Amino acid sequence: MPELTDEQLRQQQSFYDTGWRGELGRGKEQRGNLQANLDFLARTNLLKPGDRVLEIGCGIGTVVAQLAQQGYEAMGTDISQVAIEYGRAKYGNVRLEVQPAEDLPYADGTFDVVLSFDLFEHISRIDRHVGEVRRVLKPGGHYLFETPNKLSNVISETLAYKSLQWRRVHPSLHTPGQLRRRLARHGFETQFVKMDQRNEYTRSKLRQLGPVGRLVGRIDFTRLPLALQINLYVVARKRDT
């Protein structure tokens, strides 16, 4: 496993190793809405037989394992050594590597599709990350990802933390417009997909909010404007030139 030489990345690795160690110790293997993310991939219908797929911020590698079972040449990276070691033990031959999202050790044009879920908002050097994604994608390749909507999450996270401490964990929250502009600067064409995320993962989180959570759980967000989406599901296509 590579030794990180960048001090900021070493600090990030320590932070996320600690988080994963605690979560896995409590028996929690998934830190995001796995079913909604898989539904998003199915709905886009962009993955083709034989595609080379990279998931950045893969955690323990559950999505990578499922894609590999479906016949894709899939691999995953995560900055957390704890998560990667756990995933290797759980999934066996699935290719998982410890790598930061800002530095990808792959040749230009290696992948047909790059994925990330609940990663984008965590990266402080976000332009460096997007530039790397573009570099390793083939012409016409896609970056498919999910990230919280800044318009809805800033308020909820400020209330939850009772301060602006959330900015340490989520330094790169974006509105839909900010995402579109940033991706365009890096040579991507962007579309958004509204996803109905009302599944058991979402319901379990909303139950913690009592009556308000039950009310939110009845909302079909696919019928609401993009600005009101809680999470943004993004299809970013690398322009050929």
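Here, each number is a calculation from the coordinates, and none is a lab measurement. What you see is a predicted model; the values in this text were computed from it and never measured. Neighbour counts are summed over all protein chains in view; Cβ atoms, including those assigned to glycine, are modelled from backbone coordinates with ideal geometry.
Summary table below
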{"quantity": "Inverse mean reciprocal Cα-Cα distance (Kirkwood Rh) of region 7-238, Å", "calculated": "18.2 Å"}
{"quantity": "Highest-first arrangement of 224-235, 70-81, where packing means the average Cβ count within 10 Å", "calculated": "70-81, 224-235"}
{"quantity": "Charge dipole (debye, nearest 20) of region 36-148; +1 at Cβ of Lys and Arg, -1 at Cβ of Asp and Glu", "calculated": "260 debye"}
{"quantity": "The chain - charge dipole about Cα centre, Lys and Arg +1 at Cβ, Asp and Glu -1, debye rounded to 20", "calculated": "940 debye"}
{"quantity": "Charge tally in the Cβ shell below 10 Å around Gly59, where Lys, Arg are +1 and Asp, Glu are -1, Gly59 excluded", "calculated": "-4"}
{"quantity": "Non-local Lys pairs in the chain, i.e. 8 or more apart or on different chains, that have alpha carbons under 15 Å apart", "calculated": "4"}
{"quantity": "In nm, spacing of pseudo-spin labels at Arg218 and Arg43 (7 Å Cα→C-beta vector)", "calculated": "2.2 nm"}
{"quantity": "Footprinting exposure proxy for Asp196, Asp112 (fewest neighbouring C-beta atoms within 10 Å first)", "calculated": "Asp196, Asp112"}
